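Q: Have a look at the structure that comes next, please.
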Amino acid sequence: MSTSGRIQDAIDDPSKYQEIKAAIARKPALKAIYKEFYGYYRDCLKRCPENGPVVEIGAGAGFASEVVPELILTDLIKYPTIDVVIDATQLPFPAQSVRCLVMLNTFHHIADCGRFLEEAARCLAPGGRLLIIDQHRGFVSRPILRLFHHEHYDDRAVEWCFDSTGPLSGANGALAWIVFIRDREKFERSRPELRVVRYQPIMPLRYWLSGGLRRWNLLPGFFECVGRALDRGLLLLSRDFGSFVVIELLRARSRP
């Protein structure tokens, strides 16, 4: 069985940590993509209050602390580099204590994201922010996520909740689009203290061309620059070419 097949079949197993790390490290283009994602963490933090912890939800086998050293790394799986094992629907932080929550490709794995958003609103300090980078239901990504990706995808799901098979194997790849685009009014009614200040689709092609955690890679060497140019061109045509999205939520200083 290929490395990618083993990762996908046993992705909830903490022992797969080194395989996932190696899959990122062996591809300069993929590592550059992750650094770009983590750069959004760093930029968001500049707009947050000065005091309080900065917490990554679902840190996994990533390397975000190399870009944002003050991060508290958390996950539901006990990977070697995780600081605290937590459930995103039961955050162990006092009310209004956290200045920034960040997450990368984690939101669509949370089986009860409504409960998570309630917890985020509770623990974020006034003026604090929640930054979500996740999959976007775009022109390019929609057929990939629906037909070829190993994770579940259902953009017609009526509810935000789903039955989870595990921290990573359980998913709905359309969840961010469902909550913040299709059901935007429902979100605003349910969480008025969290204001959406950014919903920015990004990166139409580069991640898919890199092969992600699979062994193949169509972006070796200087072709990574070609991928960046293609991404910029497609986003100029329409933001809905984006395959990922940066979502920034601001915690209101007083409940509306």
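The values are calculated or read from the model by the stated rules, or taken from the named source; none is laboratory data. A quick note: this is a predicted structure, and the numbers were derived from the prediction, not measured. Methodologically, a virtual Cβ is constructed for each residue, glycine included, from the backbone with ideal geometry; neighbour enumeration extends over all protein chains shown.
Q: Name the residue, out of L147, L175, L130, that is more than 21 Å from E248 (Cβ to Cβ) and of a type in the set (A, V, I, L, M).
A: Going through L147, L175, L130 in turn, just one is more than 21 Å from E248 (Cβ to Cβ) and of a type in the set (A, V, I, L, M): L147.
Q: Could you please let me know if R99 is outside any helix (DSSP H, G or I), without any contact (Cβ under 8 Å) to a residue 60 or more places away in the chain and of a type in the set (K, R)?
A: yes
Q: Shifting gears a bit: All but one of (1) under 22 Å from A111 (Cβ atoms); (2) modelled with pLDDT under 95; (3) not polar (S, T, N, Q) hold for F148; which doesn't?
A: (1)
Q: Another question, if that's okay. If you check V226, V245, which single one turns out to be buried (at least 20 other Cβ atoms within 10 Å of the Cβ) and either more than 18 Å from the chain's Cα centre (by Cα) or within 19 Å of Y38 (Cα to Cα) (or both)? Even if it seems obvious, please write down each step before you answer.
A: Numbers: V226 fails: buried (at least 20 other Cβ atoms within 10 Å of the Cβ).
Answer to the check: V245.
Q: Would you check if there is a residue in region 117-128 being surrounded by 17 or more Cβ atoms within 10 Å (Cβ to Cβ), at pLDDT 95 or above and within 28 Å of K31 (Cβ to Cβ)?
A: no
Q: Residues that are touching an Asp or Glu at 6+ places or on another chain (Cβ under 9 Å) and within 15 Å of I133 (Cβ to Cβ): find the helices (runs of 4 or more DSSP H) completely inside region 151-256 holding 1 or more of those.
A: Helices (runs of 4 or more DSSP H) meeting the threshold: 206-210.
Q: Report whether or not L175 is within 22 Å of Y40 (Cα to Cα), under 16 Å from the mean Cα position of the chain (by Cα), modelled with pLDDT under 95 and of a type outside the set (S, T, N, Q).
A: no
Q: If a residue must be more than 15 Å from the chain's Cα centre (by Cα), part of a loop (DSSP other than H, G, I, E, B) and touching a residue at least 40 places away in the same chain (Cβ under 8 Å), how many such residues does region 52-80 contain?
A: Start the filter on region 52-80 by keeping residues that are more than 15 Å from the chain's Cα centre (by Cα), which leaves 52-54, 65-72, 77-80.
Applying the additional criterion that residues be part of a loop (DSSP other than H, G, I, E, B) yields 52-53, 67-70, 77-80.
After this cut, where a residue has to be touching a residue at least 40 places away in the same chain (Cβ under 8 Å) as well, the list is 52-53, 77-80.
The qualifying residues number 6.
Q: Kindly establish whether I133 is more than 28 Å from E188 (Cβ to Cβ) and β-branched (V, I, T).
A: Values: more than 28 Å from E188 (Cβ to Cβ): no; β-branched (V, I, T): yes.
No.
Q: Oh, and also: Inspect region 18-29 for any residue being part of a loop (DSSP other than H, G, I, E, B), out of contact with any helix residue (DSSP H, G or I) (no Cβ under 8 Å at 6 or more places or on another chain) and of a type outside the set (S, T, N, Q) and give the result as yes or no.
A: Yes, the conditions are met somewhere in region 18-29.
Q: Now a separate question. Of the conditions (1) within 21 Å of R206 (Cα to Cα); (2) within 18 Å of the chain's Cα centre (by Cα); (3) of a type in the set (F, W, Y), W160 satisfies every one except a single condition; which number is it?
A: Among (1) within 21 Å of R206 (Cα to Cα); (2) within 18 Å of the chain's Cα centre (by Cα); (3) of a type in the set (F, W, Y), W160 violates only (1).
Q: Here's another thing I want to ask about it. For region 205-223: of the residues being at pLDDT 90 or above and not aliphatic (A, V, I, L, M), which is surrounded by the fewest Cβ atoms within 10 Å (Cβ to Cβ)?
A: By that ranking, first place goes to W216.
Q: Something else: Considering only residues of region 1-60 that are touching a Gly at 6+ places or on another chain (Cβ under 6 Å) and modelled with pLDDT of 85 or more, which is farthest from S243 (Cα to Cα)?
A: Pass one, region 1-60, residues touching a Gly at 6+ places or on another chain (Cβ under 6 Å): 12, 48-49.
Still in the running and modelled with pLDDT of 85 or more: 48-49.
Working: C48: 27, P49: 30 Å.
Per the stated criteria, the residue is P49.
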